[in-house]
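Presented below is the structure to which this report refers.
The values are calculated or read from the model by the stated rules, or taken from the named source; none is laboratory data. Quick caveat, the model's predicted, so the values are computed rather than measured. FYI the Cβ positions are ideal-geometry reconstructions off the backbone, even for glycines, and counts take in every protein chain you see. The accessibility values were calculated without ligands, DNA or RNA, using every heavy atom of the protein model including side chains. Shrake-Rupley method; radii C 1.70, N 1.55, O 1.52, S 1.80 Å.
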Amino acid sequence: MFKILCLDGGGAKGYFSVYILKRIEEEFNIKLNDYFDLIVGTSTGALISAAISADISLNDLSEMYLTKNKEIFKKRSNNFLKLKSTYITESFEEELKKILKDLNFSDLKTNIMLQTTDIEKKEPIVFKSWDKDNNICLVDAVISSASAPIYFDPHQVGDKLYADGAIWANNPSVVAIAEAISKDSFKQSLDNIKILSIATGKNEEIINFSNQKNWGLLAWANDIMDIIIESNNVSDELSAKKILDDRYLRINYKLKNKVDIEKIPTYVLENSEEIFMNYYEDIKKFINLEKNEKKKYNLVQRVAKYIFRI
């Protein structure tokens, strides 16, 4: 079975993904970068993907989310009219270097894919660890994937300008399936793929447009990105579920209101263990799918050996 881990974007809410993954390692006695054949992440999910594959402690990563938010999301001063991006990229980059140091894709222990966007060409871009022509360092790749419009400046690498991969693949599940079956990559059949997908919360706040009469820039400005990302998340989830059926497990939670990109929701801080336990049996079943496949394979081997001896 070809096993894929997919990690959504979501800013500081990535703490939830780290918590769930840490508990999976502890509870099921697996090493993520050994268990999964491919790890796919967007934005904050790109950071977590890179850290896992680089064998960085999930405890250290969790501590970063809990204690370094002010440094990662350092606001610009004198930006009342919001003519500049909200946060300072250099501060984010400094904190990333403390975690990822000077690592490159060649230093990683498993295959990863990180989504970003070439904003000049208006093209989706995927950094792949197995791409021999990929010479971008890990810090640059993660920043490129996490440079959310309005919040951070686009990240320049060489002559390219990159912005957040969440523009087109905040939930990278369908991207992962496409790559897994690609003849240029892993050449897997659909029935040999399973995905564990971890989201960063679904905002269920209803946007009231009932009194809206003018549908210009001001009407859309506050909500358009949320609408795009949330609807894409759901679309990709439904598509992946239809393709893989019970071999697709998505872990998520509900939020009543929008939470700022730099904040870990209080609900997550207080209820992450409860959410994990709510999904415990599903995760156990997902992990055991691999064990069941091995049992089937071993049974076939034993039968074949018995017939051959006869």
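Could you tell me the calculated FRET efficiency between D60 and K256, based on Cβ-Cβ distance and R0 = 41 angstrom, to the nearest 0.05?
Details: r = 31 Å, r/R0 = 0.76.
Efficiency, from the Cβ-Cβ distance: 0.85.
Ignoring the sites themselves, what is the longest stretch of the chain with no GluC sites (Glu not before Pro) in a DSSP loop and at most 15 other beta-carbon atoms within 10 Å? Let's see the in-between values first.
Working: sites that count: E120, E204, E205.
The longest uninterrupted stretch comes out as 1-119.
Quick one: if you stick a label point 7 Å off each Cα along the C-beta vector at D191 and D159, how many nm between them?
According to this spin-label approximation, the distance is 4.9 nm.
So how tilted is helix 280-309 from the main axis of the chain? Cα-based, degrees 0 to 90, rounded to 10.
Here the helix axis deviates by roughly 30 degrees.
Show the residues, 5+ positions off or on another chain, whose built amide H is closer than 5 Å to the amide H of G201.
Y253
Quick one: accessible area per residue over segment 1-137, 1.4 Å probe, rounded to a whole number of Å²?
With all protein chains present, segment 1-137 gives 47 Å² per residue.
For the pair I228 and E123, how long in nm is the line joining their label points, each one 7 Å along Cα→Cβ?
1.9 nm
Given H placed on each backbone N at 1.01 Å, which residues far from A148 in sequence or on other chains put an amide H within less than 5 Å of it?
D164
Shape verdict for segment 1-136, please, from the Cα gyration tensor: rounded (a/c under 1.5), prolate (a/b greater than b/c) or oblate.
Numbers: a/c = 2.02, a/b = 1.35, b/c = 1.50.
Taking the square roots of the gyration eigenvalues as a ≥ b ≥ c, segment 1-136 is oblate.
Report, in debye and to the nearest 20, how large the dipole of the chain comes out about its Cα centre when Lys and Arg carry +1 and Asp and Glu carry -1 on their Cβ.
On the way: 43 positive and 46 negative charges, 178 e Å.
Rounded to the nearest 20 debye, it is 860 debye.
About the Cα centre of segment 215-259, what is the dipole size in debye to 20, counting +1 per Lys and Arg Cβ and -1 per Asp and Glu Cβ, all else neutral? Could you put the intermediate results ahead of the total?
Numbers: 7 positive and 7 negative charges, 35 e Å.
In total the dipole reaches around 160 debye.
Residue by residue, what Karplus-based ³J(HN,Hα) values in Hz, rounded to whole numbers, does segment 105-118 have, using 6.51, -1.76 and 1.60 with θ = phi - 60° and x for Gly and Pro?
Per residue, the Karplus-derived 3J(HN,Hα) values read 4, 5, 8, 7, 9, 8, 6, 9, 10, 10, 8, 8, 9, 7 Hz.
What stretch of the chain, leaving out the sites themselves, is the longest with no chymotrypsin sites (Phe, Trp or Tyr not before Pro) in a DSSP loop having at most 14 other Cβ atoms within 10 Å?
On the way: sites that count: F80, W130, F209, W215.
The longest uninterrupted stretch comes out as 216-310.
Is any residue of segment 75-112 close enough, with backbone N under 11 Å, to a label point placed 7 angstrom from the Cα of W130 along the Cα-Cβ axis, and if so, which?
Output list for this probe position: 111-112.
Once the other residues with Cβ under 13 Å from the Cβ of D260 are scored (Lys, Arg +1; Asp, Glu -1), what is the net sum?
That works out to +3.
Identify all lysines with a Cα-Cα distance to K31 below 20 Å; exclude those on the same chain that are fewer than 8 residues away in sequence.
K3, K22, K109, K194, K284, K285, K291, K294
Taking Cα pairs under 8 Å and at least six residues apart, what relative contact order does the chain come out at, in percent?
Values: 513 pairs, mean separation 67.1, N = 310.
Once normalised by length, the contact order is 22 percent.
Go ahead and run the numbers for FRET between K82 and S235, Cβ-Cβ distance against an R0 of 30 Å, rounding to 0.05.
Values: r = 30 Å, r/R0 = 0.98.
So, using R0 = 30 Å, E works out to roughly 0.50.
Got a sec? Charge dipole of segment 2-308, +1 on Cβ for Lys and Arg, -1 for Asp and Glu; which of N104, F186, I224 is way out at the positive end?
F186
Let me know the shape class of segment 105-213, please: from the alpha-carbon gyration tensor, a ≥ b ≥ c as square roots of the eigenvalues, rounded when a/c is under 1.5, otherwise prolate if a/b is greater than b/c, or oblate.
Working: a/c = 2.26, a/b = 1.29, b/c = 1.75.
The shape class here is oblate.
Go ahead and run the numbers for FRET between K75 and I30, Cβ-Cβ distance against an R0 of 51 Å, rounding to 0.05. If you can, show how the numbers build up before the last one.
On the way: r = 39 Å, r/R0 = 0.76.
Approximately 0.85, to the nearest 0.05.
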